Amino acid sequence: MAEVRLEEVTKKFGNFTAVDRVTLEVRDGEFVVLVGPSGCGKTTSLRMVAGLEEATSGDIFIGDRRVNDVPPKDRDIAMVFQNYALYPHMDVYNNMAFGLKLRKVPKKEIERRVRAAAELLGITEKLKAKPRELSGGQRQRVALGRAIVRDPKVFLFDEPLSNLDAKLRVRMRAELAELHLRLKTTTVYVTHDQVEAMTLGQRVAVMKDGVVMQYDDPQTIYDRPANMFVAGFIGSPPMNFLDARLVSENGRLHIQGKGFKLLVPEERASDALRAQVGKGIVFGLRPEDIRTPEMVRGETAGRAFVARVRVREPLGDELIVYADCAGDEIVAKLDPHLSIHPGQEVTFVAMMERLHIFDRETEQAVV
């Protein structure tokens with residue numbers, strides 16, 4: 001096992017900068033996820049670690065070794081792709097053993113490694129089957145097995161679950177997490193799916209336009225997003241963003257928008273926030289932090305506002321409501337048993353202790 005480090009790494013394709021001065025450290029044995037929309041540079045970053053793309057500038061280290069000029073086969077990494085890349089004419093055993101045979105590993109050692117990986121992945125009974133006889137999940141397990149038998153320093157995953165149906169993806173996520181707990185191999189995982197990022201990553205790097213916008217553990221990224229992009233990308237439905245002003249009355253701070261005036265709790269009234277008084281801000285509130293009086297215990301004064309429901313989406317375990325608040329769209333995640341209908345005016349309660357404030361110009365988080 002080994003740590004992976006990218007230091008000021010840039011990748012350009014002609015005049016287009018795909019990765020822009022990325023600095024990232026993956027600790028020995030850590031599971032790190034690169035997440036972001038298509039074209040953000042996450043796969044290019046992974047391919048540079050693998051040696052499939054050459055960095056335009058910057059340094060890449062695996063362990064203490066600078067690998068910029070080291071060919072992929074000598075980097076001691078194993079990569080699992082979105083498409084399983086299995087040899088259709090070979091059975092499962094030989095697909096998993098093929099790389100070891102090329103390296104002239106002794107036959108008995110190949111047998112031991114393949115059978116150990118097959119048992120770990122639950123595909124022992126499929127070792128004589130051809131890829132066409134396997135389900136999508138089984139093919140992905142074979143691809144994982146082929147990587148595991150290599151016993152590499154680093155696993156690199158490039159959207160490995162994208163071709164699976166939703167139910168199987170959930171199961172495979174759990175299996176990948178369990179696999180990492182057993183193997184404890186340094187892992188870099190690329191996905192566009194924020195749920196995969198949050199559930200799998202010990203740390204998550206959120207990328208946009210080739211830049212790492214925030215790199216932290218999943219809960220910190222959710223609770224304290226560094227900017228509006230991260231706040232809007234992580235969480236489903238996305239965070240509500242409302243133009244507002246910060247005003248001070250009788251020493252208390254309020255957030256005032258077109259259809260609301262909400263009291264800032266004393267514990268959130270930091271010096272950084274008070275410095276924004278009188279300025280235009282962006283007020284952020286997650287849908288799960290908007291409730292109704294029935295869902296809240298205690299006083300709602302200073303936290304309540306009224307909006308008219310436009311659409312309701314009952315999901316069984318929760319109710320998503322889209323409402324209009326003086327021209328601003330509000331999305332709330334509510335108790336599914338509430339009787340709420342389109343056209344109805346509803347009083348909502350903002351969990352102000354969980355507010356987010358962003359600078360309107362820089363889009364960086366203030367608190």
Q: Considering only the range 95-109, state which residues are of a type outside the set (D, E, K, R), free of Cβ contacts under 8 Å to residues at least 24 places away in the same chain and in a helix (DSSP H, G or I).
A: L102
Q: Give the residue that is least open to solvent (accessible area, probe 1.4 Å), with candidates limited to residues of the range 63-92 that are more than 21 Å from L52 (Cα to Cα) and within 33 Å of the chain's Cα centre (by Cα).
A: V92
Q: Mind counting the residues in the range 229-238 that are surrounded by fewer than 17 Cβ atoms within 10 Å (Cβ to Cβ) and modelled with pLDDT of 95 or more?
A: 3
Q.
With the condition being within 24 Å of A50 (Cα to Cα), I'd like the helices (runs of 4 or more DSSP H) fully within the range 116-228 carrying at least 1 qualifying residues.
A. 136-148, 166-183, 194-200
Q: Kindly indicate whether any position in the range 258-270 is over 30 Å from the mean Cα position of the chain (by Cα), open to solvent by 40 Å² or more (accessible area, probe 1.4 Å) and not basic (K, R).
A: yes
**Q.** From the options K101, K126, K130, residue that is in contact with a helix residue (DSSP H, G or I) (Cβ under 9 Å, 6 or more places away or on another chain), within 24 Å of L176 (Cβ to Cβ) and charged (D, E, K, R)
**A.** K126
Q: Kindly provide the set of residues from the range 291-311 that are assigned to a strand (DSSP E or B) and either hydroxyl-bearing (S, T, Y) or in contact with a Phe, Trp or Tyr (Cβ under 8 Å, 6 or more places away or on another chain) (or both), ordered by number.
A: R291, A304, F305, V306, A307, V309, R310, V311
Q: Quick one: which residue in V142, V188, V149 is at pLDDT 95 or above and either in contact with a Gly (Cβ under 8 Å, 6 or more places away or on another chain) or open to solvent by less than 60 Å² (accessible area, probe 1.4 Å) (or both)?
A: V188
Q: Scan the range 219-228 residue by residue and report those that are open to solvent by 10 Å² or more (accessible area, probe 1.4 Å) and within 13 Å of the chain's Cα centre (by Cα).
A: Q219, T220, Y222
Q: List every residue pair whose Cβ atoms lie under 6 Å apart, where the two residues are 6 or more positions apart in sequence or sit on different chains, the first residue falls within the range 40-64 and is over 12 Å from V22 (Cα atoms), and the second residue, located anywhere, is acidic (D, E) and open to solvent by 10 Å² or more (accessible area, probe 1.4 Å).
A: T43/D158; R47/E53
Q.
Checking the condition surrounded by 18 or more Cβ atoms within 10 Å (Cβ to Cβ) and at pLDDT below 95, which residue from L285, L334, L355, L273 passes?
A. L273
**Q.** Close pairs (6 angstrom Cβ cut-off, 6 or more residues apart or separate chains): in contact (Cβ under 8 Å) with a residue 12 or more places away in the chain in the range 211-231, assigned to a helix (DSSP H, G or I) and open to solvent by 40 Å² or more (accessible area, probe 1.4 Å) anywhere
**A.** M213/F229; P218/M198
Q | Counted residues, the range 249-268 - those being closer than 17 Å to G327 by Cα, assigned to a strand (DSSP E or B) and of a type in the set (D, E, K, R) | A | 1
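For every residue, the table says whether it meets (1) touching a Lys or Arg at 6+ places or on another chain (Cβ under 6 Å); (2) more than 25 Å from I330 (Cβ to Cβ); (3) not hydroxyl-bearing (S, T, Y).
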position	(1), (2), (3)
G201	no, yes, yes
A205	no, yes, yes
D217	yes, yes, yes
F229	yes, no, yes
M239	yes, no, yes
Q: Starting from residues that are surrounded by fewer than 14 Cβ atoms within 10 Å (Cβ to Cβ) and modelled with pLDDT under 95, keep the ones in the range 297-314 and report whichever is farthest from K261 (Cα to Cα).
A: R297
Q) For the range 332-367, how many residues meet the condition of being among the acidic types (D, E), part of a strand (DSSP E or B) and under 30 Å from N227 (Cβ atoms)? A) 1
Q) If you go through the range 239-257, how many residues are of a type in the set (A, V, I, L, M) and surrounded by fewer than 17 Cβ atoms within 10 Å (Cβ to Cβ)? A) 1
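The values are calculated or read from the model by the stated rules, or taken from the named source; none is laboratory data. Quick caveat, the model's predicted, so the values are computed rather than measured. Cβ sites come from the backbone with ideal geometry, for glycine too, and all protein chains shown count toward neighbours. Ligands, DNA and RNA are stripped out before the accessible areas are found, and what is left, the full protein with its side chains, is counted by its heavy atoms. Shrake-Rupley method; radii C 1.70, N 1.55, O 1.52, S 1.80 Å.
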